[in-house]
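K.L.:
Take a look at the following structure, please.
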Amino acid sequence: MKFACIPAYNEEHSIAKVVTKSLPHVDRVIVCDDGSTDDTAKVAREAGATVITQTNQGYGAAISSLFDYARKENARIMVTLDGDGQHNPDQIPILVDAITTHNVDVAIGSRFLDDSTKTSGYRKTGIKIITSATNYGTNFKVSDSQSGFRAYSKDAIDAIHPTEQGMAVSTEILLKISNKGLSVAEVPITVSYEGDTSEQHSVSHGVGVLANTIKYVSIKHPLQFYGIPGLGLIVVGIVLGGIFLDRYLNDATIFYGSLMGSVVLFLLGAILSVTAIILFSMANLIRDRY
Ligand SMILES: Nc1nc2c(ncn2[C@@H]2O[C@H](COP(=O)(O)OP(=O)(O)OP(=O)(O)O)[C@@H](O)[C@H]2O)c(=O)[nH]1
Ligand SMILES: [Mg+2]
């Protein structure tokens, strides 16, 4: 059974077309209507989709519900795509093909493998920055870590339990794929940016997703993220302490600035270093549990 799974929030104008265009390529279309205030659920049902409804919690929560549903219903392949019509359902077979004929666990539709896709400069830059940060935490490299057009094998559906409620779920899933040793391939897809996409909305989303990505990656590499800055601060603290002692012993002057600086930096450095060690041990303990 192949499922097309579509998170949709207030998409009554686009959802019918996405559902009807997806149906020929899969066995079932599932729409997660996340507390829409319009007729998304009704329109999707009339177009032939099964609709899961929940109170609005965000894109990630919808993706998580779709994973649960696909797992429960024993889907062999799950393709996720957006309900706003930006992804072209006719490209579903390209993603499915990567799984069935090339045996990968996860196929990611990338906007950046084929240069004809018109993503605007600021959006492209934002996605590239988030993607670089994400790649730092995974053992593979992707060109589009934020793509919502993806296909998952049964092994991937069983192994991945997303918890992130917002857009950062795309990053979270990639880290989980990496931790579980699942295989990944990217295939070129096109995305349409016609119609209403708000720039400000995207910028604030992007900053939030980047912060979350750093959170995930820093937990994965705590020694680099907290340990190295921690040691750096300790060293600066010791140098300032040395300057204080030097002044005190040689000129009998008390240089309060360097004394305070020394104590504060040394303590901050120590806190960061201890954090690094604790996170490192915890990450080793809980690795692979989810
Ligand atoms: N169920 C659910 N779906 C959501 C939620 N937020 C967004 N979506 C859906 O997820 C898909 C992607 O969201 P968009 O807001 O279009 O994100 P985007 O494509 O990165 O940004 P835009 O360029 O503004 O379209 C769309 O189909 C939305 O309807 C939510 O809170 N719940
Ligand atoms: Mg969109």
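K.L.:
Could you list, in sequence order, the residues of the range 19-35 that are in a loop (DSSP other than H, G, I, E, B) and either surrounded by 18 or more Cβ atoms within 10 Å (Cβ to Cβ) or out of contact with any strand residue (DSSP E or B) (no Cβ under 6 Å at 6 or more places or on another chain) (or both)?
P.N.:
Initially, the range 19-35 is screened for residues in a loop (DSSP other than H, G, I, E, B), giving 26-27, 35.
Residues satisfying the conditions are Val26, Gly35.
K.L.:
Related question: With the requirement that a residue be out of contact with any Phe, Trp or Tyr (no Cβ under 7 Å at 6 or more places or on another chain), at pLDDT 85 or above, under 30 Å from Asn179 (Cα atoms) and of a type in the set (Val, Ile, Thr), what does the range 257-290 give you?
P.N.:
Ile271, Val274, Ile277, Ile278 - these are the residues of the range 257-290 that are out of contact with any Phe, Trp or Tyr (no Cβ under 7 Å at 6 or more places or on another chain), at pLDDT 85 or above, under 30 Å from Asn179 (Cα atoms) and of a type in the set (Val, Ile, Thr).
K.L.:
Among the residues of the range 53-65, count how many are crowded, with 18+ Cβ neighbours inside 10 Å and more than 16 Å from ligand 2 (Cβ to nearest atom).
P.N.:
Number satisfying all stated conditions: 3.
K.L.:
If we keep just the residues of the range 215-256 that are modelled with pLDDT of 90 or more and β-branched (Val, Ile, Thr), which is farthest from Tyr122 (Cα to Cα)?
P.N.:
Ile243
K.L.:
Let me ask you something else. Give the residue, chosen from Arg123, Arg76, Arg111, that is charged (D, E, K, R) and more than 11 Å from ligand 1 (Cβ to nearest atom). Quick ask: steps written out before the conclusion?
P.N.:
Details: Arg123 fails: more than 11 Å from ligand 1 (Cβ to nearest atom); Arg111 fails: more than 11 Å from ligand 1 (Cβ to nearest atom).
Only one candidate qualifies: Arg76.
K.L.:
Looking at the range 50-73, which of its residues are away from ligand 1 (no atom under 16 Å from the Cβ) and assigned to a loop (DSSP other than H, G, I, E, B)?
P.N.:
The first filter runs over the range 50-73 and keeps only residues away from ligand 1 (no atom under 16 Å from the Cβ), leaving 71-73.
Selection gives Glu73 alone.
K.L.:
Of the residues in the range 79-133, how many are acidic (Asp, Glu), more than 16 Å from the chain's Cα centre (by Cα) and either part of a loop (DSSP other than H, G, I, E, B) or surrounded by 14 or more Cβ atoms within 10 Å (Cβ to Cβ) (or both)?
P.N.:
Here is the first cut: in the range 79-133, the ones acidic (Asp, Glu) are 82, 84, 90, 97, 105, 114-115.
With the extra rule that they be more than 16 Å from the chain's Cα centre (by Cα), the set shrinks to 84, 90, 97, 105, 114-115.
From what is left, the residues that are either part of a loop (DSSP other than H, G, I, E, B) or surrounded by 14 or more Cβ atoms within 10 Å (Cβ to Cβ) (or both) are 84, 105, 114-115.
Adding up the residues that qualify gives 4.
The values are calculated or read from the model by the stated rules, or taken from the named source; none is laboratory data. Since this is a predicted model, take the numbers as computed values, not measurements. As a convention, Cβ positions derive from the backbone with ideal geometry for all residues, glycine included, and neighbour counts pool all protein chains shown.
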